[in-house]
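This report concerns only the one structure given below.
The values are calculated or read from the model by the stated rules, or taken from the named source; none is laboratory data. As the structure is a computational prediction, the values presented were derived from the model and not from experiment. Here the Cβ is made from the backbone with ideal geometry for all residues, glycine too, and neighbour counts use every protein chain on show. Please note that ligands, DNA and RNA were not included when accessible areas were found on the heavy atoms of the full protein model with its side chains. Shrake-Rupley method; radii C 1.70, N 1.55, O 1.52, S 1.80 Å.
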Amino acid sequence: MQPERPSFVVEPHASPVAAADRDALLANPGFGKLFTDHMAIIRYSEDRGWHDAAIRARAPIALDPAASVLHYAQEIFEGLKAYRTADGGVTLFRPDRNAHRFQQSAARLAMPQLPADLFLQSVRELVSIDRDWIPAIDGGSLYLRPFMFASEVFLGVRPAKEYLYCVIASPAGAYFKGGTPAVSLWVSQDYTRAAAGGTGAAKCGGNYAASLVAQAEAIEQGCDQVVFLDAVERRWIEELGGMNTFFVFDDGTMITPPLTGTILPGITRDAILTLAADMGVAVREERYSLDQWCADSQSGRLREAFACGTAAVVTPIGSVRGHDIDFRIGNGGPGMVTQGIRERLVAIQRGEAPDPHGWVERIL
């Protein structure tokens with residue numbers, strides 16, 4: 001017999017941030033530095049299933065030193081945004097896809113799969129109580145971070161039997177400092193992000209931890225982001241540290257690396273594939289080598305390249321560097337195709353354009 005689905009208990013913060021203080025913070029929120037008053041939590045145990053669902057004041061989480069996540073890294077997360085519309089409403093963009101990917105990540109890490117309706121309700125409840133934290137600035141949004149980790153206290157090497165699921169929210173402005181018109185990339189030739197059979201398609205902390213040394217190298221070399229090659233031939237472009245990639249050619253077509261299990265199936269990536277088709281742009285999902293990238297940029301065949309993800313949305317790639325590698329893409333800034341895709345996507349997300357694919361969910 002399946003346990004009953006838990007209902008959310010809402011416990012408003014006794015001392016939320018004062019409105020005037022909150023508004024001052026929201027004038028320049030940056031990314032990932034500010035947090036709202038509340039969080040959502042749901043607990044899981046093998047014997048009780050999902051239980052104790054609540055919206056409560058955001059607070060530190062107490063962990064036993066032997067909590068499984070601290071030793072065996074059973075942890076996954078998601079990222080999505082809430083947007084304020086011109087009429088004062090609030091929307092989410094394709095939250096059902098985040099719920100599905102969260103389940104897929106959980107399955108890969110031998111964790112229980114949170115029912116999609118509980119994932120969606122947790123997000124809606126949190127946005128509802130903290131809606132005043134959505135920045136009114138141009139491009140502002142409320143970044144939502146659902147995550148789950150193994151909380152069972154034990155040191156045996158096996159899947160845990162207890163987990164904690166949470167959602168926190170962070171007011172967001174531009175992902176890149178200074179509203180960067182185009183990012184510079186460093187090609188990692190010493191480190192790889194994922195290999196076949198690994199966790200590359202799962203959104204888990206371990207993937208990002210493994211990328212940090214390469215990202216640090218990129219920063220040391222004066223670049224904004226790292227781009228990874230495949231783990232076998234060290235030849236094929238895969239993805240950035242946290243974003244998918246697209247390449248735009250002089251004949252108007254695009255290429256994006258295929259999902260072969262080593263690349264995260266980005267929700268923004270998937271939306272761009274659909275929008276490109278709507279715009280009459282042919283997109284091929286096929287491998288694209290570093291050598292070809294360099295040659296096509298130098299010949300002018302490659303006109304634009306961009307990265308995409310929930311946080312950065314659509315961000316032009318202006319230049320690429322690495323050991324014995326140094327080339328610029330197009331004019332080094334945003335291109336017409338990149339800009340057109342970004343504008344169309346953002347307009348749909350914010351309720352400023354028709355939504356023919358039913359991606360936007362209005363929750364308030």
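Rundown of residues vs (1) modelled with pLDDT under 95; (2) under 20 Å from the mean Cα position of the chain (by Cα); (3) open to solvent by 40 Å² or more (accessible area, probe 1.4 Å); (4) more than 22 Å from ASP250 (Cα to Cα), yes/no style:
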position: SER319; (1), (2), (3), (4): no, no, no, no
position: PRO334; (1), (2), (3), (4): yes, no, yes, no
position: LEU345; (1), (2), (3), (4): no, yes, no, yes
position: HIS357; (1), (2), (3), (4): no, no, yes, yes
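Among residues of segment 125-141 being out of contact with any helix residue (DSSP H, G or I) (no Cβ under 8 Å at 6 or more places or on another chain) and acidic (Asp, Glu), the one that is surrounded by the most Cβ atoms within 10 Å (Cβ to Cβ) is ASP130. Among the residues of segment 9-26, which ones are surrounded by 10 or more Cβ atoms within 10 Å (Cβ to Cβ) and either in contact (Cβ under 8 Å) with a residue 24 or more places away in the chain or touching a strand residue (DSSP E or B) at 6+ places or on another chain (Cβ under 9 Å) (or both)? If the condition is that a residue be surrounded by 10 or more Cβ atoms within 10 Å (Cβ to Cβ) and either in contact (Cβ under 8 Å) with a residue 24 or more places away in the chain or touching a strand residue (DSSP E or B) at 6+ places or on another chain (Cβ under 9 Å) (or both), then VAL9, VAL10, GLU11, PRO12, HIS13, PRO16, ARG22, LEU25, LEU26 are the ones that fit. In segment 305-315, the condition of being assigned to a loop (DSSP other than H, G, I, E, B), touching a Leu at 6+ places or on another chain (Cβ under 7 Å) and either open to solvent by less than 80 Å² (accessible area, probe 1.4 Å) or β-branched (Val, Ile, Thr) (or both) is met by at least one residue.
Rundown of residues vs (1) buried (at least 21 other Cβ atoms within 10 Å of the Cβ); (2) in a loop (DSSP other than H, G, I, E, B); (3) not aromatic (Phe, Trp, Tyr), yes/no style:
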| residue | (1), (2), (3) |
| --- | --- |
| VAL167 | yes, no, yes |
| ASP190 | no, yes, yes |
| ARG193 | yes, yes, yes |
| GLY198 | no, yes, yes |
| ILE219 | no, no, yes |
| CYS223 | no, yes, yes |
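Check whether at least one residue in segment 109-124 is buried (at least 20 other Cβ atoms within 10 Å of the Cβ), small (Gly, Ala, Ser) and in contact with a Cys (Cβ under 9 Å, 6 or more places away or on another chain), and report yes or no. The answer is yes; a qualifying residue exists. Set side by side, the residues ALA20, ALA14, ALA54, ALA62 differ, and just one is in a strand (DSSP E or B) and at pLDDT 95 or above, which is ALA54. Looking at this structure, is THR91 touching a residue at least 24 places away in the same chain (Cβ under 8 Å), in a loop (DSSP other than H, G, I, E, B) and open to solvent by less than 20 Å² (accessible area, probe 1.4 Å)? Judged against the criteria, THR91 is not a match.
Identify, please: which residue in segment 245-273 is assigned to a loop (DSSP other than H, G, I, E, B) and among the hydroxyl-bearing types (Ser, Thr, Tyr) and is, among those, surrounded by the most Cβ atoms within 10 Å (Cβ to Cβ)? Taking the candidates together, the pick is THR262. So for segment 59-67 (the condition being open to solvent by less than 30 Å² (accessible area, probe 1.4 Å) and not acidic (Asp, Glu)), does at least one residue qualify? Looking through segment 59-67, at least one residue is open to solvent by less than 30 Å² (accessible area, probe 1.4 Å) and not acidic (Asp, Glu).
Among the listed residues PRO29, PRO6, identify the single one that is open to solvent by less than 50 Å² (accessible area, probe 1.4 Å) and modelled with pLDDT under 95. Residue meeting the stated conditions: PRO6. Mind checking whether some residue in segment 320-340 is in contact (Cβ under 8 Å) with a residue 60 or more places away in the chain, under 14 Å from THR268 (Cβ atoms) and not in a loop (DSSP other than H, G, I, E, B)? The answer is yes; a qualifying residue exists.
Could you check segment 228-261 and list, in sequence order, the residues that are of a type in the set (Val, Ile, Thr) and closer than 18 Å to LEU185 by Cβ? Working first, answer last.
Within segment 228-261, the subset of a type in the set (Val, Ile, Thr) is 232, 237, 245, 248, 253, 255-256, 260.
Result: ILE237, THR245, VAL248, ILE255, THR256.
Would you confirm, using the coordinates I've provided, whether GLU352 is open to solvent by 70 Å² or more (accessible area, probe 1.4 Å), closer than 29 Å to ASN98 by Cα and over 21 Å from the mean Cα position of the chain (by Cα)? Spelling it out, GLU352 is indeed open to solvent by 70 Å² or more (accessible area, probe 1.4 Å), closer than 29 Å to ASN98 by Cα and over 21 Å from the mean Cα position of the chain (by Cα). A single member of ALA276, ALA295 is modelled with pLDDT of 95 or more, open to solvent by 40 Å² or more (accessible area, probe 1.4 Å), farther than 21 Å from TYR83 by Cα and part of a helix (DSSP H, G or I), and it is ALA295.
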